[in-house]
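Here is the structure we will look at.
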Amino acid sequence: MIKSMTAYGRSSVHSPIGRIVIEIHSVNRKMLDMSLYLPKDLLRFDIEMRKLLSKSLERGQITLRLTLQNEGMPLRLFSNYYLQLKALKEGWENLARDLGYDAQKTVDLDFLVSQLQMTPSSESKEDEEMLKASLKEGVELALQELMKMKEAEGKSLALDIQKRLNIIEETVAIIELNKELPVVHYRKKLIDRMKEIDHLHKENEERILREIIILAEKMDVTEEIVRLHTHVEQFSNHLLSHEKAVGRTLDFLTQEMHREMNTLGSKSADSEISLCVIKMKSELDKIREQVQNIE
């Protein structure tokens with residue numbers, strides 16, 4: 001099943017440091033490019049979070065934003081802060097006195113709080129593991145929502161692309177039915193012209209035959225038609241495949257189809273076939289735009 005590269009996912013989970021809100025936004029990009037915006041005290045989890053994202057995502061510009069919402073300080077954490085502040089106060093007051101400063105004026109609550117580590121997860125190994133588990137849960141929940149949207153958008157893209165592939169397939173079939181008409185028209189035109197100049201002798205007939213054979217070889221589009229049928233079939237199969245990322249393959253197929261259409265158009269001298277080629281190119285351009293957004 002194909003997936004779109006444009007999607008959004010959000011999660012909200014409890015943690016030892018408050019409520020964690022994670023938002024993941026994805027847009028189209030040829031390669032996988034991730035940007036994570038974390039509070040400075042959670043930057044140490046950047047690599048682990050990137051690994052979690054790369055397990056589910058293959059391509060696209062991925063933006064993850066993490067915000068913390070205060071839910072009130074748990075009693076255990078308050079007690080930890082109290083002990084830290086008390087130890088800091090004693091230490092800084094002793095240092096201030098040793099240096100000849102007034103400890104009462106120099107060491108106040110604002111100063112002590114600024115010396116605390118902003119993230120209480122470092123207080124104990126237990127807190128650290130709980131925070132890791134909360135972050136993992138948040139990322140996974142946001143990814144689940146993101147993937148649902150990617151798959152839903154992918155279904156819409158697949159339906160639209162398949163509809164346009166059907167139009168291309170039908171148009172190729174029309175060209176296949178009429179591919180001999182340009183040679184027939186040219187033969188009639190050549191014979192009529194020769195009749196205007198002179199009576200059609202045997203040697204003129206042979207000359208006309210040679211001209212028609214040469215033209216038929218130049219205007220033969222059988223090879224291009226066969227390849228177009230094959231490319232359309234391959235494209236349809238990939239739309240239904242369960243491969244993780246088919247965007248690059250589909251992009252390659254659109255380039256090949258465009259090349260075959262160009263060759264077909266340049267070989268044919270028939271106005272009806274030229275109109276068919278223009279119609280196919282128009283549909284292919286729309287397919288190409290959609291493919292740019294497929295993972």
Please report the net charge: other residues with Cβ closer than 10 Å to the Cβ of E48, K and R +1, D and E -1.
+4
State the extension gain, in nm to one decimal, for the chain segment bounded by K55 and L177, taking 0.36 nm per residue of separation less the distance between their alpha-carbons.
39.0 nm
Which entries in the list K89/K125; K244/K267; K3/K136 go over 31 Å, if you measure between the two C-alpha atoms of each?
K244/K267
Could you compute the net charge surrounding V113? Neighbours are other residues with a C-beta less than 15 Å from the C-beta of V113; K and R count +1, D and E count -1.
-1
Cut-off 13 Å between beta-carbons: net charge of the residues surrounding E90, Lys and Arg +1, Asp and Glu -1:
+1
FRET efficiency for E48 and K86 from the Cβ-Cβ distance with R0 = 30 Å, rounded to 0.05, comes out at 0.35
In order over region 154-169: 3J(HN,Hα) from phi, Karplus 6.51/-1.76/1.60, θ = phi - 60°, whole Hz, x for each Gly or Pro, gives x, 4, 5, 4, 4, 5, 5, 5, 5, 4, 6, 5, 5, 5, 5, 4
Gain in length, Q234 to D108, computed as 0.36 nm per residue apart minus the alpha-carbon separation, to one decimal in nm?
38.1 nm
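None of the figures in this text is laboratory data; all of them are computed from the coordinates on show. Owing to the predicted nature of the structure, the values given are computational and were not obtained by experimental measurement. Note that each Cβ is placed from the backbone with ideal geometry, even for glycine, and that neighbours are counted across all protein chains shown.
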